[in-house]
Amino acid sequence: MKTIVFLGAGRITSALIAGLRLANYDHPIVVHDRHPEKLRALKRQHRVEAESNLARAVERAELLIIAVRPDCVSGLLKEIAAKPVKRKIIAISLAAGIPLSKLQSALNKTVRWARAMPSPVCRSGQGLTALAFSRGISAAKQKEVRELFLSVGAVVEIPEKQFDAFTVTFSSSHGYHALATLTAAAEALGLDHKIAGIAAAHALADGIAAWRRSSSSLQELLQEAVTPGGIAGTVIESLESAGYRKIIAAGLRAGAKRARRNAARFR
Ligand SMILES: NC(=O)c1ccc[n+]([C@@H]2O[C@H](COP(=O)([O-])OP(=O)(O)OC[C@H]3O[C@@H](n4cnc5c(N)ncnc54)[C@H](OP(=O)(O)O)[C@@H]3O)[C@@H](O)[C@H]2O)c1
C-alpha cells in the first residue's frame, strides 16, 4: 500500500485512521487540516504525519482522500488546482452527493476519482463502505482502493446513481437514533433507564443478528416473533397505523434531497 493523504482531520478521518491502525496498516498516513489542534490530536493518537501545507500534503499522495464537508470540497479543489498535480494519483471523495463527473472536472486528468461512503463504525473494523469508480481507473488501482476499505470492514460496489440512496440508508445514525427512541419510550412507560437501554439494544441487535444467521426470510422471522393478537402484534399495528413507514420514507427522501443540493451547489 502507498502513502495515503487525508484532506480534513474531522470525524470520519479519525474513525478511518483508527480502523486502519487496528488492522495493522503500517504505511505512511499524512493528514492535512486547517486546524492545527486536530492534526496534533491525530498525530498523538494514531502516529500520523501532520502536514499543515496543502500543496506539500498533496505532493505526498498516492491515494488522496477528500474528507471535508461537501460545502468545502469545491474551495479545497480550487486550492489544489492552483498548483496542478502533475503525477498520476487516485483521489477518493467521501463527500455526500457530489458526483464523479463534477469532481473529475475540478482537477486535471492526472487525478482519477473514486467515491467512497464509509461510516464511523469502520473505527472498530466492522464498518461498511460503498465504492464507485470513475472510468479510467485501472483494475489494479481499483483493487488498491477496495483493499484499503476492506481493512476497516465490508465493501459493496454500487452504481454511482445509487450512491445517494445508499448514503441515506446505511448510516449507523439510524441504529443510534432507533436505540435512543425505543429506550426513551420504554422509560416513559416506567422502565428503569439502564434496563430500558439494555432491553432496547437487545430488541434491535438480537433481531438483526438472528436475521443475519438465519436462512428464514425477514417476513418469516417477524411472524415467529409476533403472536397474532398478542402484545408485539399490537405494538407493530399501532406503529404502522401511525405512519411509521411513511415517516421513515420521508426521512430518507429529505436526506436524498440534501445530497442533490450538495451536488447542485458544487461549482
Ligand atoms: N462523519 C461521517 O460519519 C461521514 C461518513 C461518511 C462520509 N462522510 C463525509 O466525509 C466528509 C467529512 O465529514 P466529517 O464529518 O469528518 O467532517 P468534519 O468533522 O467537519 O471534518 C472536516 C474537517 O475538514 C476541515 N476543512 C474543511 N475545509 C478545509 C480546507 N479547505 N482546508 C483544510 N481543512 C479543511 C474542517 O475544518 P472546518 O470545521 O473549519 O470547516 C474540519 O476540520 C463529508 O464530506 C461527509 O459527507 C462523513
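Remarks
- Yes/no for SER101 being surrounded by fewer than 23 Cβ atoms within 10 Å (Cβ to Cβ), assigned by TED's automatic domain parsing to the domain that holds GLY136, polar (S, T, N, Q) and within 12 Å of the ligand (Cβ to nearest atom): no
- Region 117-149, subset charged (D, E, K, R) and in a helix (DSSP H, G or I), residue surrounded by the most Cβ atoms within 10 Å (Cβ to Cβ): ARG123
- Evaluating ALA114 against the criteria (1) within 15 Å of the ligand (Cβ to nearest atom); (2) among the small types (Gly, Ala, Ser); (3) in a helix (DSSP H, G or I) leaves one unmet condition, (3).
- Residues satisfying the criterion are absent from region 56-75 (criterion: polar (S, T, N, Q) and in contact with a strand residue (DSSP E or B) (Cβ under 9 Å, 6 or more places away or on another chain)).
- Within region 32-46, the residues that satisfy the criterion of being within 13 Å of the ligand (Cβ to nearest atom), more than 24 Å from SER173 (Cβ to Cβ) and surrounded by fewer than 22 Cβ atoms within 10 Å (Cβ to Cβ) are ARG34, PRO36, GLU37, LEU39, ARG40.
Residues checked against (1) under 12 Å from VAL5 (Cβ atoms); (2) touching an Asp or Glu at 6+ places or on another chain (Cβ under 6 Å):
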position	(1), (2)
LEU39	no, yes
LEU54	yes, yes
ILE66	yes, no
VAL85	yes, no
ILE90	yes, no
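- Selection within region 1-48 - hydroxyl-bearing (Ser, Thr, Tyr), outside any loop (DSSP other than H, G, I, E, B) and in contact with a strand residue (DSSP E or B) (Cβ under 9 Å, 6 or more places away or on another chain): THR13
- Single residue of LYS78, LYS86 found to be away from the ligand (no atom under 13 Å from the Cβ) and outside any strand (DSSP E or B): LYS86
- Any hit, region 13-31, residues being surrounded by 13 or more Cβ atoms within 10 Å (Cβ to Cβ), more than 21 Å from ARG146 (Cα to Cα) and assigned by TED's automatic domain parsing to the domain that holds GLN162: no
- Evaluation of ASP71 against (1) within 22 Å of the chain's Cα centre (by Cα); (2) surrounded by fewer than 17 Cβ atoms within 10 Å (Cβ to Cβ); (3) within 15 Å of the ligand (Cβ to nearest atom); (4) outside any helix (DSSP H, G or I) (one fails), failing number: (4)
- Selected residue (criterion: nearest to the ligand (Cβ to nearest atom)) from residues of region 47-67 that are within 20 Å of the chain's Cα centre (by Cα) and within 25 Å of GLN126 (Cβ to Cβ): ALA67
The values are calculated or read from the model by the stated rules, or taken from the named source; none is laboratory data. Worth saying up front: this structure is predicted, and the values here are computed from it rather than measured. Glycine gets a Cβ as well: all are built from the backbone with ideal geometry, and neighbour counts include every protein chain shown.
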